[in-house]
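Chemist: Let me give you the structure first, and then I'll get to my questions.
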Amino acid sequence: MRVYVPYTLPRLAELHRAGQAGPAPLTAYAVTPALREWYVSGSIEELEYAALSRAAQASLRLLAADPRAERRRVVLAADVPDRQARVDPGQALRAEALGEVTLSAVIPLTDLASVHVDGPEAEADVKAAAAAVTAADQGDTDAQFTVDGALDHELLWYGVQEISDLL
């Protein structure tokens, strides 16, 4: 199963040193039945892009919790065995949890497919969005507008072998 794990640049540096993303359990996003139902029509590529976008928004929550982290969203794409990804049956009750899965094991660096990171030009919008994401999750429409400003930036694709260059 392809999963998308929200991350930050400091955590990416830690992953690079440790050789794995963890500790478990890890929150990730994937093409779940709820995500398929939400996006009724769409190819698998569109559904995977939606899962990646959900992870990018979750990365904002990580940035909000770590004010020292550089204001750039990071998402890991990894292939994990299906048995390691559990869907929370109550996820439909929380809009921000759409497509969310819990991973029961760490992700070895060798299982990463790619890394997706904001370019430097997104930093101001990501900084504002990280400050507003909690209010947006609580239904504040002005805060959601700010969060959407960051989501308008496309994440850049990097191969796993390029992680050291990112850092």
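The values are calculated or read from the model by the stated rules, or taken from the named source; none is laboratory data. In this text the structure is predicted, and so the values were computed from the model without any measurement. As a convention, Cβ positions derive from the backbone with ideal geometry for all residues, glycine included, and neighbour counts pool all protein chains shown. Side chains included, ligands, DNA and RNA excluded: accessible areas come from the protein's heavy atoms. Shrake-Rupley method; radii C 1.70, N 1.55, O 1.52, S 1.80 Å.
Chemist: Test of the criteria: in segment 103-167, which GluC sites (Glu not before Pro) are in a DSSP loop and have at most 14 other Cβ atoms within 10 angstrom of their Cβ?
Modeler: Answer in residue order: GLU154.
Chemist: What number, in percent, do you get for the relative contact order of the chain if the mean sequence gap of Cα pairs under 8 Å and at least 6 apart is divided by its residue count?
Modeler: After rounding, I find 29 percent.
Chemist: For segment 35-133, what class follows from the C-alpha gyration tensor (a ≥ b ≥ c being the square roots of its eigenvalues): rounded when a/c is under 1.5, otherwise prolate if a/b is larger than b/c, else oblate?
Modeler: prolate
Chemist: Whenever you get a sec, line up SER164, SER114 from highest to lowest accessible area (probe 1.4 Å, protein heavy atoms).
Modeler: Sorted by accessible area, descending: SER164, SER114.
Chemist: I'd like the accessible area for HIS16: 1.4 Å probe, protein heavy atoms, all chains in place, Å² to the nearest 10.
Modeler: Accessible surface of HIS16 is approximately 80 Å².
Chemist: If we count every other residue with Cβ under 15 angstrom of ALA122's Cβ, Lys/Arg +1 and Asp/Glu -1, where does the sum land?
Modeler: -4
Chemist: How much mean residue ellipticity at 222 nm does the chain get from its helices, if each DSSP H run of length 4 or more adds -39500 (n - 2.57) and you divide by all residues, to the nearest 500 deg cm²/dmol?
Modeler: -12500 deg cm²/dmol
Chemist: Per residue, how large is the accessible surface of the chain? Use a 1.4 angstrom probe and give square angstrom.
Modeler: In whole numbers, the chain has 51 Å² accessible per residue.
Chemist: Separate question: Just to be sure I understand, if you calculate Cα Rg over 2.2 N^0.38 Å for this structure, which of (i) 0.97; (ii) 1.23; (iii) 1.16 do you get?
Modeler: Evaluating Cα Rg over 2.2 N^0.38 Å on these atoms matches (i).
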